[in-house]
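Enquirer: Structure in structure tokens, see below.
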Amino acid sequence: MTDALLETLSASSAQPIEPRREVVTAIPGPKSQALHERRVKVVPPGVHSVLPVYIEAANGAVLRDVDGNQFIDLGAGIGVTTVGHTREAVVDAAKAQLDSFLHTLFTITPYESYVRVAELLAQHTPGDFEKHTVLVNSGAEAVENGVKIARKYTGRRAVAVLEHAYHGRTNLTMAMNYKAAPYATGFGPFAGDVFHAPSSYPYRDGLSGEEAAARTIAYLEKRIGASDLAALVVEPIQGEGGFQTPAEGYLPALQEWTTRNGVVLIADEIQSGMGRTGRWFASEHFGLVPDLVLSAKGIAAGLPLAGVTGRAEIMDAAQPGGLGGTFGGNPVAAAASVAVFELIERDGLLAEAARIEKTLTRGLTALQERFDIIGDIRGRGAMMAIELVQPGTAQTTKAPNQEAVNALAAHAAQNGVLVLTAGTWGNVLRFLPSLAISDELLEDALGVLADGFAAL
Ligand code: PLZ
């Protein structure tokens, strides 16, 4: 770090952030533009930024950029700062750990916070059975480990995922994503033995949970055969794919089938977990009790940490030394994570997610009554989305409307609201605010969106 950068950082953290939207320059402002000029000389275009305003400080549900603009953050770094930006309890826990030690490598000389995170995950993931946890650095690494463990446990080769899934950017997880562009295009060859089964997408397939599950299972049995299938990986509410929320009964029917056939059911709760949907894990909304649960993102409020938690007998299939990695379960990230678990309990954040769902549903339903391009409103808690279609097609062809989504996201950004897009056709606006966001900020952001819809 240069001295100049250190100075900027300490000056910016000295100025508290008022919880409000404030646009004081063009977006991006002159300082952001200057930083962007430096960036493009040293960072490749493959690393794309949705909104190139350079952030100086963040608190709660507000981001402040280097030009002094303040954004209502409806993305939370894609569902990472679920408890809010720079929450004091989390920052203090990380600081205390920074003062004692930064690294030992748990697989060389262990420390307590790793064990505590594993205890907390055992306690809060669905299912009342003995669970073991391995900690890693990123969501994709958790997916890789989940698959690796399931293969070792079952001795089988194949992995099945659902259509519209997103699981990461490593070689195996690129093969597991539904969408090729931009994640995989040109980056092959990819891992084999990955199969993409039809999913439940009530808005587009019109199937009941039972019918959609029968279709998924028929595919798995025909295309792979249960005896060759190690794992079925599902996102209980799909993330990047567009927040598809399965029809009632779909996930339990899959679970009944995987249990009967000795297939490991892995829930990728990387985006949907850690209180975001109003339950500790979204699986709980659907009566799903996965064999393995993958956590990341919200688990440490912004520090890199992820985990695979699951039935002890499955997790224990990996031989000693078979799991690990230099930074997995880093002590600073683990200390922050313990504070995140405590904060969710202490501040009743699951109830806050329910409040956010209510406020968003009310606001988005009012918008849908005015604007017929809103085809669907879906999700749970602070994980809600709207799917946009071409005018007049909401009841017929449901033709995706990516242009409207892009125009709305741009309008929001220009007016101090950061909202993320998603969806297989890029036609979904997703709302992933932190659980610290107030109804006032949500209503303000919805007002900006309403103006955006009116201007379309
Ligand atoms: N599984 C369900 O949502 C990450 C991707 C951001 P990593 N989603 C955000 C980007 O463009 O790279 C994600 C997810 C689900 C796995 C992952 C992967 O998690 O921590 O990004 O590796």
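Enquirer: Considering the alpha-carbon set of the chain alone, what are its Rg and its Dmax in angstrom?
Expert: 21.8, 63
Enquirer: Take every Cα pair under 8 Å in region 44-203 that's 6+ residues apart, average their separations, divide by the length, and report that relative contact order as a whole percent.
Expert: Over region 44-203, the number comes to 12 percent.
Enquirer: Which percent, to the nearest 5, of DSSP beta bridges fully inside the chain are antiparallel?
Expert: Rounded to the nearest five, the antiparallel share is 65 percent.
Enquirer: Moving on to the next point. Can you tell me the relative contact order of the chain? Whole percent, Cα pairs under 8 Å, sequence separation 6 or more.
Expert: Normalised by residue count, the contact order of the chain is 21 percent.
Enquirer: Further question on the same structure: Mean separation of Cα pairs under 8 Å and 6+ residues apart, divided by the residue count of region 91-346: what relative contact order is that in percent?
Expert: Averaging sequence separation for qualifying contacts and normalising by length gives 30 percent for region 91-346.
Enquirer: In the chain, carbon and sulfur make up what percent of the accessible area (probe 1.4 Å)?
Expert: Values: 10400 of 19070 Å².
Reported share for carbon and sulfur atoms: 55 percent.
Enquirer: Run the quick spin-label model on ILE108 and VAL50: label points 7 Å from Cα toward the beta carbon, then report their separation in nm to one decimal.
Expert: My value for the distance between the label points is 3.8 nm.
Enquirer: Then there is this: Amide H neighbours of ASN401 under 5 Å, counting only residues 5+ apart in sequence or on other chains, H built in-plane at 1.01 Å?
Expert: It is LEU388, VAL389, GLN390, by chain and number.
Enquirer: For ARG169, ARG157, ARG355, ARG378, give the ranking by accessible area with the largest first, probe 1.4 Å.
Expert: My answer, sorted largest first, is ARG169, ARG157, ARG355, ARG378.
Enquirer: State to the nearest 20 debye the size of the charge dipole of region 346-446 about its Cα centre, where the only charges are +1 on K and R beta carbons and -1 on D and E beta carbons.
Expert: Approximately 260 debye in magnitude.
Enquirer: For HIS103, what accessible surface area do you get with a 1.4 Å probe? Give it in Å², rounded to 10.
Expert: Near enough 80 Å² of accessible area.
Enquirer: Just to confirm my numbers, what's the Cα centroid distance between region 326-370 and region 65-103 in Å?
Expert: 13
Enquirer: In the neighborhood of TYR201, defined by Cβ-to-Cβ distances under 13 Å, what is the net charge if each Lys or Arg adds +1 and each Asp or Glu adds -1?
Expert: -2
Enquirer: Right, something else. Using each residue's phi in region 323-331, evaluate 6.51 cos²θ - 1.76 cosθ + 1.60 at θ = phi - 60° and report the 3J(HN,Hα) Karplus result to the nearest Hz, with x for Gly and Pro.
Expert: Result, ordered by residue: 10, x, x, 3, 9, x, x, 2, x Hz.
Enquirer: Run the dipole for the chain about the Cα centre, Lys and Arg Cβ at +1, Asp and Glu Cβ at -1, nothing else charged, and hand back the magnitude in debye, nearest 20.
Expert: 960
Enquirer: How large is the helix-only mean residue ellipticity at 222 nm for the chain, computed as the sum of -39500 (n - 2.57) over DSSP H runs with n ≥ 4, divided by its residue count, in deg cm²/dmol to the nearest 500?
Expert: Mean residue ellipticity at 222 nm (helix-derived): -12000 deg cm²/dmol.
The values are calculated or read from the model by the stated rules, or taken from the named source; none is laboratory data. Only a predicted model underlies this, so the values are computations on that prediction, with no experimental measurement involved. For neighbour counting, all protein chains shown are included, and Cβ atoms are generated from backbone atoms with ideal geometry for every residue, glycine included. With ligands, DNA and RNA removed, areas are computed over all heavy atoms of the protein, side chains included. Shrake-Rupley method; radii C 1.70, N 1.55, O 1.52, S 1.80 Å.
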